[in-house]
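Written out below as structure tokens is the structure these notes cover.
The values are calculated or read from the model by the stated rules, or taken from the named source; none is laboratory data. A quick note: this is a predicted structure, and the numbers were derived from the prediction, not measured. Every residue, glycine as well, gets a Cβ built from its backbone with ideal geometry; the counts of neighbours run over all protein chains shown.
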Amino acid sequence: MLADARQRLMGGMINIGSIVDVFESMGELDPTMMPEVMRIIEEMPNFQQKNLLYMAALTRWADQNGAAAADFVSKNFTAERKAGMLGAVFSSWAAKDPLTAWKWFDSNRESFANPASEHPLVRSLYQGLATKDFAAAMARLQTEEDFDSKTVALDALGVVAATTNQRDAFFQYARSLENPDQRLRAINSVLGHLAHSDPAEASTLVEMLETGKERVEAAKQVANAWFESDPERSSAWFLGQVPADEMPAAIRDVTNRWLRRDPNAAAEFLSQTEQGAQTDPARAAFSQGIAAMDPESAITWAGTITDDKMREGSLVNVYKQWYRRDPGAAEASLNQSGLSEEQLQKVLEK
């Protein structure tokens, strides 16, 4: 079998079919033969193909004997390549036997070239452990002292949390984190996945947060995902989570979501809002967003902005875009815009 693998890999032009065949044959090999497989791969002249085969072989080896595969990598690869190769080992090993993988990792943690190189392994380890025993993964998380490793672990567990009880436990722990950036990132890691599959549960979790920036950011995360399946309901819910001082930006965000989906629906949404400071940013964004496709309507919407400076800035932006494409039509529209002489002069000067 090894002789056949060598022939396939060394016998001229290698193609994806021969690589797949070799992958399949690796699954039939006795684990004790894997070091020889590695030696055959090392003889390959093409670096990219060699790396691809190393990854595949190590994944198969780790499925049979994770410790042996990890030890081989530690002894035979440079520090720069070790992290990537161990990533292939742990993606398989941690899913099958996370506790043994953890023991190996803890014993060899000091050998990594830099902390960042261990983060993919930390992610795999937490995902593997959480899949088998979520409570154990949560208990391990609470002992993690390194800030960056803990952030990686939070990202992993937020995605893996598969039941309501698991998500509740993770969410409550995330809320207790002292660092605001890490806290929001952890909250969003569970909400981002959940918002697609169960927006009702995701919205309930958001409503547990205290009113303020963190709740707004979390609500935005959920609303962005929920909007794909139910734009009307998600938009109304999102605006209900936002305090008054954040409302102008929130209405602008909702308008932009509608604009990307359906400009006519965005116009309908805006037409149902009152003119004023709360909706001026949304009207400016909408005017700018439709300027290329419908400059006349863009001019009309820009004219509904109540703030003088913002209105003039929006008009200038739209007219400049229009003038580059059709100077005559832009000038004619400007002359019939109903703006005062002073306002026209300001537009033309810019």
Being of a type outside the set (Phe, Trp, Tyr) and either closer than 20 Å to Asp262 by Cβ or in contact (Cβ under 8 Å) with a residue 60 or more places away in the chain (or both) narrows it down to one of Ser229, Ser197, so name that one. Ser229
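Could you check, for the stretch 182-191, whether at least one of its residues is part of a helix (DSSP H, G or I) and within 22 Å of Ala95 (Cβ to Cβ)? Give the steps one after another, and end with the answer.
Kept after step one, since they are part of a helix (DSSP H, G or I), are these residues of the stretch 182-191: 182-191.
Restricting the remaining residues to those that are within 22 Å of Ala95 (Cβ to Cβ) gives 189-190.
The answer is yes, given that some residue of the stretch 182-191 is part of a helix (DSSP H, G or I) and within 22 Å of Ala95 (Cβ to Cβ).
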One residue from Ala88, Ala94, Ala101, Ala83 being under 25 Å from Val160 (Cβ atoms), surrounded by 13 or more Cβ atoms within 10 Å (Cβ to Cβ) and either β-branched (Val, Ile, Thr) or modelled with pLDDT under 85 (or both): Ala83
Of all helices (runs of 4 or more DSSP H) completely enclosed by the stretch 261-336, which ones contain at least 2 residues that are more than 27 Å from Ser234 (Cα to Cα) and small (Gly, Ala, Ser)? 308-325, 327-335
Over the stretch 112-149, the set of residues in a helix (DSSP H, G or I) and among the β-branched types (Val, Ile, Thr) is Val122, Thr131
For the stretch 144-159, does any single residue satisfy the condition of being more than 25 Å from the chain's Cα centre (by Cα), surrounded by 14 or more Cβ atoms within 10 Å (Cβ to Cβ), outside the structural domain of Arg81 (by TED's automatic domain parsing) and at pLDDT below 95? no
Pick from the stretch 230-273 the residues that are under 17 Å from Ala219 (Cα atoms) and of a type in the set (Ser, Thr, Tyr): which of them is surrounded by the fewest Cβ atoms within 10 Å (Cβ to Cβ)? Ser235
